[in-house]
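Accompanying notes for the structure given below.
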2 protein chains.
Amino acid sequence: MNEQLRAISELDRVIHEPGRLMIFVLLGAVEECDFLYLLHETEMNKGNLSSHLSRLEEAGYVEIEKTYRGKVPQTILRLTRAGRTAFDRYRKGLKAAF
Amino acid sequence: MNEQLRAISELDRVIHEPGRLMIFVLLGAVEECDFLYLLHETEMNKGNLSSHLSRLEEAGYVEIEKTYRGKVPQTILRLTRAGRTAFDRYRKGLKAAF
DNA sequence: CATACTAGTTTGCAGCACAAACTAGTTTGT
DNA sequence: ACAAACTAGTTTGTGCTGCAAACTAGTATG
């Protein structure tokens, strides 16, 4: 197996999913943001977005902080250190592959 | 939704799967090759490779030609025109996204 | 005070990737 | 000649996972 194929086969599957890739791109560009921002930017539905975020939390890539804006519940999202590192590796993998 | 996210969300899911990406890279580099070449290069198992190839045939991206090398059955694989086009679009999409 | 809205989460299902088991035929060993 | 092992794949079964619909809990509105 050559370098290029190796790079492809080692791509992190948790990140590789397009829905989650979008989340990484958005969270990678800011310190933090809220659920609704991601919802609007990605044009996913809530259920979908919610489960992708849970998956990313589970993987240790995203921190989910539940708070309130006034009386309204608000969910703040943030990439963890591990999340940023993993995303960097993913992008390097892509570059090596294409 | 911005350009970058749009590019991600429009990535062709049939191609996006790493196992199939490897097949595209290999078939993209040659006119045709056989099953065993793909098997060794990708380091997949046969079942896996076989079903990915069926998926790609179904999508119209790969042609599967069954022949013999002497008395031994041999399967020749080849990207279709549609397959090459789709792979080009996929790579452009990736570039637009990263 | 009930109806509608907000901000999500949970549930149910369909599709998919994966490996183990199977198939069909060929070669090798005795 | 006949069985055992090998070759070149395909089919089957299972568990995961992406997705949307349905649900929950609370808030604002008519």
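The values are calculated or read from the model by the stated rules, or taken from the named source; none is laboratory data. Predicted model only: the values in this text are computed from it and were never measured. Every residue, glycine among them, receives a Cβ derived from its backbone with ideal geometry; neighbour counts consider all protein chains shown. Protein only, heavy atoms only, side chains kept; ligands, DNA and RNA dropped before computing areas. Shrake-Rupley method; radii C 1.70, N 1.55, O 1.52, S 1.80 Å.
Please give the solvent-accessible surface of B:Cys33 in Å², to the nearest 10, using a probe radius of 1.4 Å with every protein chain present.
20
Counting pairs of alpha carbon atoms under 8 Å apart in space and at least six apart in sequence, what relative contact order in percent does chain A give?
Values: 106 pairs, mean separation 36.7, N = 98.
Relative contact order here is 37 percent.
In a GNM of chain A with a 10 Å cut-off on Cα contacts, which of A:Arg81, A:Arg55, A:Arg69 has the highest mean-square fluctuation?
Maximum among the listed residues: A:Arg69.
For the protein assembly as shown, what percent of Cα pairs sit more than 20 Å apart?
Working: 11493 of 19110 pairs.
That tail contains 60 percent of the Cα-Cα pairs.
Order A:Tyr68, A:Tyr90, most accessible first, counting only protein heavy atoms with a 1.4 angstrom probe. Don't jump to the answer; show the numbers that get you there.
Numbers: A:Tyr68 150, A:Tyr90 5 Å².
I get A:Tyr68, A:Tyr90, largest accessible area first.
Under the rule of -39500 (n - 2.57) per DSSP H run of 4 or more residues, summed and divided by the residues of chain A, what mean residue ellipticity at 222 nm is obtained, to the nearest 500 deg cm²/dmol?
Values: 6 runs with 60 residues, N = 98.
That comes out to -18000 deg cm²/dmol.
Expressed as an acute angle from 0 to 90° and rounded to the nearest 10, what is the orientation of the C-alpha long axis of helix A:46-58 relative to the principal long axis of chain A?
60
Rounded to the nearest 0.05, what FRET efficiency do B:Thr80 and A:Lys95 have when you use their Cβ-Cβ distance and R0 = 30 Å? Numbers along the way, then the final one.
Values: r = 28 Å, r/R0 = 0.93.
With R0 = 30 Å, the Cβ-Cβ based efficiency is 0.60.
Whole Å is fine, so just give me how far the alpha carbon centre of the range A:25-55 lies from that of the range B:62-91.
Each part's Cα centre sits 39 Å from the other's.
Return the FRET efficiency for the residue pair B:Glu63, A:Glu41: r is the Cβ-Cβ distance, R0 is 30 Å, and the value is rounded to the nearest 0.05.
0.15
According to the square roots a ≥ b ≥ c of the eigenvalues of the Cα gyration tensor, what is the shape class of chain B, taking rounded for a/c under 1.5, prolate for a/b larger than b/c otherwise, and oblate for the remainder?
On the way: a/c = 2.70, a/b = 2.31, b/c = 1.17.
It is prolate, given that a/c is not under 1.5 and a/b is the larger ratio.
Give me the dipole magnitude in Debye, nearest 20, for chain B about the Cα centre, with unit charges on the beta carbon: positive for Lys and Arg, negative for Asp and Glu. All intermediate terms of the calculation are to be shown ahead of the outcome.
Numbers: 15 positive and 14 negative charges, 13 e Å.
The calculated dipole for chain B is roughly 60 debye.
So how exposed is A:Val14, as accessible area in Å² (1.4 Å probe, rounded to 10)?
The value for A:Val14 is about 20 Å².
Keeping all protein chains in position, work out how much accessible area B:Thr75 exposes to a 1.4 Å probe, and write it in Å² to the nearest 10.
The accessible area comes out at roughly 30 Å².
I need the phi-derived Karplus couplings for the range B:17-33: 6.51 cos²θ - 1.76 cosθ + 1.60, θ = phi - 60°, integer Hz, Gly and Pro marked x.
Once rounded to whole Hz, the list reads 4, x, x, 6, 4, 4, 4, 4, 4, 5, 5, x, 8, 9, 6, 7, 7.
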